[in-house]
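Trainee: Have a look at this one before I ask anything.
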Amino acid sequence: MNDIRRTILWVIFGFSLVLLWDQWQIHNGRPATFFPSPAVKTAPAPQTPASAPAATVPTTTPVLPAGNGSDRIAKTETQAPVARERVEVSTDVLKLGFDTEGGSLVHSEFLKHHDQKHPETNVVLFDESKDRVYLAQSGLIAGAAGGNLPTHKTVMKLVPGERVLKEGVDELQLKFESPEVGGVKLVKTYTIKRGSYTLGVKHEVQNLGGAPVTPQLYLQLVRDGNKPAGESSFYSTFTGPAVYTEARKYHKIEFSDIEKGKAEFDKQSTNGYVAMVQHYFASAWLLADGIQRDIFARKVDSNLYAVGMIAPLETLAPGTSRAVEARLFVGPQEEKRLEAIAPGLELVKDYGWLTILAKPLYWLLDQLHRLLHNWGWSIVALVVLLKVAFYWLNAKAYASMAKMKAITPRITELRERLKDKPQQMQQEMMRVYREEKVNPMGGCLPIMIQIPVFIALYWVLLSSVEMRNAPWILWIKDLSANDPYYILPLLMTATTLLQTALNPAPPDPLQAKMMWFMPLIFSVMFFFFPAGLVLYWLTNNILSIAQQWIINTRMGVPPQFNLPKFK
């Protein structure tokens, strides 16, 4: 009976790991590892991103002004065409590039976040190059009335002003003015503040024509469907659009679902945001609550996707104007900063399906960092606290293992003596378990209860941008990167094997071999994991070994190493 239970437990454990890994792959937008379905072929990114089509907003397609239009835009016919140019703006945390075509944000660098492989290079999010298309656009469409209005394809005039945030100045503004198109002029003003990754974007719509107009404002993020450069091939994180509303909360949208027309999210709302998410960084368009908006996600081109909002504006009489305030976030997924910007924005930091456990774990980790001022030692301290919290459960598990180890010689003798009488052997083994008050499953259940916490902490450490470029000690200069000398993974493998040796060896030789092969197999994964994750597991192993050693000694079961016998 003991052998059967152990075998069932190992099968359940192994199959659960397979299913868990497979679901992680699917959850993060990758094809299933073990149960794959036909993959959707994705074309490479376009080589000329600047020519991406204007038809990126559903309903009415923005059409470029004809230039000689009607009598209402006679002024623009006599004006010299505005030359398209690229404008660079710098603050203390951002270096931004704007295109006067539409006044769009087409480039962003984070001055305090550097590429892991090339530390002298800043992390780039928005980009418009042969390798990456990722843009923030906005403009006007005419809706059901039809006609041309200023869009993200309209070349605008840049109003002279500061381009660098100087010392002692808290903000700078960048203003773009469109020509009159369809009797309407759009003035777009970006306000960028010191230390902030959130840009205020004011859209002022002026009716310069002779008839009322009812424009609609659209805000969209356009991105190719490729994974970020340098993404790990061993573990996966989500890349793609996301929509948040109070009604349905946070919804990630797979690029493949957009392509198939299966994306599910609120199509209309008076609150929330749209975002583009990738590992550690995100962008999001936000409108004030109370403004009605239609939400869309669509495929633009062979490998371009858009997510955005359309906000109908009230009818503007001739000679009147209307201003709509929006915000554009472009920055790292720092949880506290995101929480302060808008409700639900912190959810772009993807903890997977165990968010309810991951958020308090991150809070505790952050509190420890405030005290210790080192993320590596904060991880160690967090593991210590978790071991204290689960001390009773672990003590029960190790006590059960100690009892099993004490009766292992008797069980082995029974197996040898009654190997030709399996039914009698099982009865005798169950009698020994009853007499010694040993539950063969007692060592497994307490550990199984803790697995959700371990998985949640895995996502906390994997998702926290605070770990990027964060040193621990000596050779560990970045907790989010692999250990360059593989010292931590080797130590973790050694402690895993030591922990296995301290456990009672199963009487069944096949199970005994499995107990040694499985730790070795799973330890290989940690050679590809970030150093912060390996540090967590290494610390957990060391504390577990110490606790098991103490409990065995107290129970009068001298610790001994059960080395493998592969014959």
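Trainee: Step through the table entries K95/K202; K166/K188; K153/K262, compare each Cα-Cα distance with 27 Å, and write down the pairs that go over it.
Mentor: Going by Cα-Cα distance, K153/K262 fall outside the 27 Å limit.
Trainee: Still on this structure, please answer the following. So which aspartates and glutamates can K185 reach, going by Cα to Cα under 14 Å and dropping same-chain residues fewer than 8 places off?
Mentor: Cross-link targets: E177, E204.
Trainee: Here is a further query. I'd like the accessible area for L313, computed on protein heavy atoms only with a 1.4 Å probe and all protein chains in place. Round to 10 Å², please.
Mentor: Counting only protein heavy atoms, L313 exposes about 10 Å² to solvent.
Trainee: Expressed as cubic angstrom per residue, what is the convex hull volume of the alpha carbon set of region 333-383? Don't skip to the end; give the middle numbers.
Mentor: Working: hull volume 4.3 nm³, N = 51.
Hull volume normalised by residue count: 83 Å³.
Trainee: May I ask for the net charge around G230, where only other residues with Cβ less than 10 Å from the Cβ of G230 are counted and Lys, Arg are +1 while Asp, Glu are -1?
Mentor: Working: positive: K117, K227; negative: D115, E231.
Its environment carries a net charge of 0.
Trainee: At q = 0.13, 0.20, 0.27 Å⁻¹, what log₁₀ I(q)/I(0) does a Debye calculation on the Cα points of region 167-244 give, no solvent, two decimals?
Mentor: Each listed q maps to, in turn, -0.71, -0.99, -1.23.
Trainee: Follow-up question, since we're still on this one. According to the Kirkwood expression over distinct Cα-Cα pairs, how big is the hydrodynamic radius of region 272-346, in Å?
Mentor: Working: mean 1/r = 0.0697 Å⁻¹.
Every distinct Cα pair counted, the radius reaches 14.4 Å.
Trainee: Right, here's the next one. Under a Cβ-Cβ cut-off of 12 Å, what is the net charge of the residues other than R84 that fall near it, where Lys and Arg count +1 and Asp and Glu count -1?
Mentor: Values: positive: R86, K153, K157; negative: E85, D99, E101.
Residues near R84 contribute 0 overall.
Trainee: Grab the Cα-Cα distance for D366 and D92, subtract it from 0.36 nm times how many residues apart they are, and report the gain in nm with one decimal.
Mentor: Details: separation 274, 0.36 × 274 = 98.64 nm, distance 2.41 nm.
Extra length from D366 to D92 when fully extended: 96.2 nm.
Trainee: What FRET efficiency comes out for the pair V388/R554, r = Cβ-Cβ distance, R0 = 25 Å, nearest 0.05? Numbers along the way, then the final one.
Mentor: Values: r = 18 Å, r/R0 = 0.71.
According to the calculation, E is roughly 0.90.
Trainee: Between E416 and A494, take the C-beta separation as r, use R0 = 41 Å, and let me know the FRET efficiency to the nearest 0.05. Write out the running numbers ahead of the final one.
Mentor: Working: r = 33 Å, r/R0 = 0.79.
Efficiency computed from Cβ-Cβ geometry: 0.80.
Trainee: By the gyration tensor of its Cα atoms, with a ≥ b ≥ c the square roots of the eigenvalues, what is the shape of region 122-264: rounded for a/c under 1.5, prolate for a/b over b/c, or oblate? Please list the in-between numbers first.
Mentor: On the way: a/c = 2.12, a/b = 1.28, b/c = 1.65.
Oblate, since a/c reaches 1.5 and b/c is not below a/b.
Trainee: Here's a follow-up. Sorted by accessible area with a 1.4 angstrom probe, largest first, how do M309, M525 fall? Spell out each step's value before the answer.
Mentor: Details: M309 0, M525 45 Å².
Correct descending sequence by accessible area is M525, M309.
Trainee: Taking 7 Å along the Cα-to-C-beta vector as the label spot, tell me the L520-S302 distance in nanometres, rounded to one decimal.
Mentor: The modelled label-to-label distance comes out at 4.8 nm.
Trainee: Label-point separation (nm) for E246 and A323, each offset 7 Å from Cα along Cα-to-Cβ?
Mentor: Rounded to a tenth, the inter-label distance reads 2.6 nm.
Trainee: Right, here's the next one. Using a simple spin-label model with points 7 Å from Cα along the Cα→Cβ vector, what separation in nm is obtained for Q426 and A211?
Mentor: Result for the modelled spin labels: 8.7 nm.
Trainee: Positive end of the charge dipole of region 267-400 (Lys, Arg +1 and Asp, Glu -1 on Cβ, about the Cα centre): tell me which of G319, Y305, G290 has its Cα farthest that way.
Mentor: Of the candidates, Y305 comes out farthest on the positive side.
The values are calculated or read from the model by the stated rules, or taken from the named source; none is laboratory data. Because the structure is a prediction, the values reported are computed rather than measured. We place every Cβ from the backbone using ideal geometry, glycine too, and count neighbours over all the protein chains shown. Accessible surface areas use protein heavy atoms only, side chains included; no ligands, DNA or RNA. Shrake-Rupley method; radii C 1.70, N 1.55, O 1.52, S 1.80 Å.
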